[in-house]
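The values are calculated or read from the model by the stated rules, or taken from the named source; none is laboratory data. Just so you know, these numbers come straight off a predicted model, no measurement behind them. Here the Cβ positions follow ideal geometry from the backbone for every residue, glycine too, while neighbour counts run over all protein chains shown.
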Amino acid sequence: MKEISVFDVIGPVMIGPSSSHTAGALKIALLAGKLVSGKIVRADFILYGSFAKTYHGHGTDRALIAGTLGFGAADVRIRDSFDWAKKYGLAYSFHTNETDRDVHPNTVDITLENENGVKTFVRGVSVGGGNCRIEKIDGISVDLTGDYTTLLIRQHDTAGVVAYITSCLSDKGVNIAFMRLYRESRGQTAYTVIETDGDIPNDAVEKIRLNPEIQSAMLVKI
């Protein structure tokens with residue numbers, strides 16, 4: 001059971017009119033950006049439900065750009081994030097989808113492209129109080145909140161890989177709070193999402209990457 005603090009009740013320290021439509025949106029984009037290796041040169045957003053209806057007035061568009069650029073929820077640069085995007089060489093587009101009804105009303109699909117042309121797709125939901133949940137990464141259903149230091153691993157669905165991952169973390173004294181496994185289909189691409197109580201040393205991540213069955217290992221620090 002997740003404990004609720006006073007900060008969950010009164011909301012985050014933030015720039016913008018809405019914790020859901022501004023701070024939550026920013027956090028989604030911030031997490032998405034951390035999943036990309038290298039410089040992000042393009043960001044395309046599809047907004048659903050209330051996001052689609054109010055994203056101009058509530059600053060959701062500015063928040064999404066700010067999060068993609070790595071700005072925090074209290075960063076004054078959020079107001080001028082479009083100008084900062086131009087300075088950073090970030091191209092972007094916004095589209096709305098008001099026809100799909102089977103999604104949370106505060107949902108955004110984000111496609112980020114790095115300087116090498118590699119694209120990363122993320123679907124995120126703003127759940128209130130500046131909090132969010134990542135539901136999909138590159139078409140795979142996941143459950144990622146960003147509340148913990150998180151290790152996102154893409155791997156081949158092969159016996160022994162998960163045991164190797166956990167042993168690498170155990171050797172460094174890392175305590176796993178949550179671990180979830182997802183896969184496209186048996187024997188194909190799989191994801192391991194590990195959330196930890198403390199930091200994950202970089203050398204533990206590097207050791208995980210040495211396994212030939214590991215395709216990528218991305219560390220998202222809170």
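Structural remarks
- Filtered by the rule that a residue be among the polar types (S, T, N, Q), modelled with pLDDT under 90 and not in a strand (DSSP E or B), the range 116-156 gives a lone residue, 145.
- Search result, residues across the range 97-119 that are surrounded by 14 or more Cβ atoms within 10 Å (Cβ to Cβ), of a type in the set (Val, Ile, Thr) and closer than 29 Å to residue 38 by Cβ: 107, 108, 110, 111
- Top-ranked residue of the range 105-115 - restricted to ones that are part of a strand (DSSP E or B) and of a type in the set (Asp, Glu), ranked as farthest from residue 185 (Cα to Cα): 113
- Apart from one condition, residue 162 fits all of (1) of a type outside the set (Lys, Arg); (2) under 20 Å from the mean Cα position of the chain (by Cα); (3) closer than 24 Å to residue 120 by Cβ; (4) not in a strand (DSSP E or B); the exception is (2).
- Close pairs from the range 192-210: first outside the structural domain of residue 140 (by TED's automatic domain parsing), partner acidic (Asp, Glu) and in a strand (DSSP E or B), Cβ under 8 Å, at least 6 apart: 193/143
- Between 190, 204, the distinction of being in contact with a Cys (Cβ under 7 Å, 6 or more places away or on another chain), farther than 18 Å from residue 32 by Cα and hydrophobic (A, V, I, L, M, F, W, C) belongs to 204 only.
- Residues being among the hydrophobic types (A, V, I, L, M, F, W, C) and more than 17 Å from residue 60 (Cβ to Cβ) - total across the range 113-129: 2
- Output for the range 189-222, where each listed residue is modelled with pLDDT under 85 and not in a strand (DSSP E or B): 221, 222
- Test for residue 177: is it surrounded by 11 or more Cβ atoms within 10 Å (Cβ to Cβ) and of a type in the set (Gly, Ala, Ser): yes
- With respect to the conditions (1) touching a residue at least 60 places away in the same chain (Cβ under 8 Å); (2) at negative phi, residue 128 falls short on a single one, namely (2).
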